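All remarks here apply to the structure that follows.
The values are calculated or read from the model by the stated rules, or taken from the named source; none is laboratory data. Note that the structure is a prediction, hence the values are computed from the model and not measured. All Cβ positions, glycine included, derive from the backbone under ideal geometry; neighbour counts span all protein chains shown. With ligands, DNA and RNA removed, areas are computed over all heavy atoms of the protein, side chains included. Shrake-Rupley method; radii C 1.70, N 1.55, O 1.52, S 1.80 Å.
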Amino acid sequence: MTTGLRYVYAVCRPFSAPLQSQLTGVGGVPPRLLHHRGLVAVVSTVPERHFAEEPLRAHLEDLDWLTETARAHQQVIDALTTVTTPLPLRLATVFRDDSAVRVMMEAREDYFRQTLGRLEGRVEWGVKVYTEAEPGESGESERAPAKAASGRDYLRQRRDRFRAREDEWQKAEAFATRLHETLSERAEDVRLHAPQNPALSGAAGRNVLNAAYLVPRDHSEEFVELVDRTKDEASGMRVELTGPWAAYSFVGDVGGAEDEENGEGDLP
């Protein structure tokens, strides 16, 4: 009998391609497939001392633990994405045992089947657009302003700098809007996320577009080429492309830390 709690990475349809032979998940444990009613939950066994309700809540406040767990979780999702279309569950989705996982799968069976049908053969690409520097911090604006000869000159200099920043922002927003409209025409679905806070992301410049695009896997090469062609269209802009990912942005919020070991989470 397999002891411990069940950590669930994703739900998918049955697939025949093997996962990587050396693949490990959370806690260094290889994932396994739990079949039920024509669906598959990808799970691994994790110890109660780390994943029962109270220790898990404490761990979720530990940035190092959270980073390590997120990396292991994503490693499994990435491996699944190469062989099938997974419906990824939230980080730290934990159930008491295999039976509790099966109960969850039955409770959401229609949702899983409909969502997997919609996502089949599709992947997510992320596109972000940044200004290379905060408006007014590059080019002429980096130079120290000439000393104002009078109060009127000082006000004129401030007005000119303000107009320069406004012009740069309008240029950035216009570029991001055009790019988003172009990419949306090549995607089956789109999600606009809030711009990233540079203090949290560590990315240089200011984020003016943060979007996810659902693209058929067979059309991904054309999508990537389209993004690449836009990168040099506007000076002072930086375009970042990430993916292909499992379609995180296009599934409901399934499972999570509050599922705890009793397997009674807040499912969609």
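Applying 1/(1 + (r/R0)^6) with R0 = 25 Å to the Cβ-Cβ distance of residue 68 and residue 203 gives a FRET efficiency near 0.65. The simple spin-label model puts a point 7 Å past each Cα toward its Cβ; for residue 110 and residue 83 those points are separated by 3.2 nm.
When the residues 218, 97 are ordered by accessible surface, computed with a 1.4 Å probe over the protein chains alone, the sequence from largest down reads 218, 97.
Using the Cβ-Cβ distance between residue 219 and residue 20 with R0 set to 22 Å, the FRET efficiency from 1/(1 + (r/R0)^6) comes to roughly 0.30. The accessible-area ordering, largest first, of the residues 53, 61, 225 stands as 61, 225, 53, per a 1.4 angstrom probe.
With the Cα gyration tensor of the range 1-45 giving a ≥ b ≥ c as the square roots of its eigenvalues, does the rule (a/c under 1.5 for rounded; else a/b larger than b/c for prolate; else oblate) give rounded, prolate or oblate? It is oblate, given that a/c is not under 1.5 and a/b is not larger than b/c.
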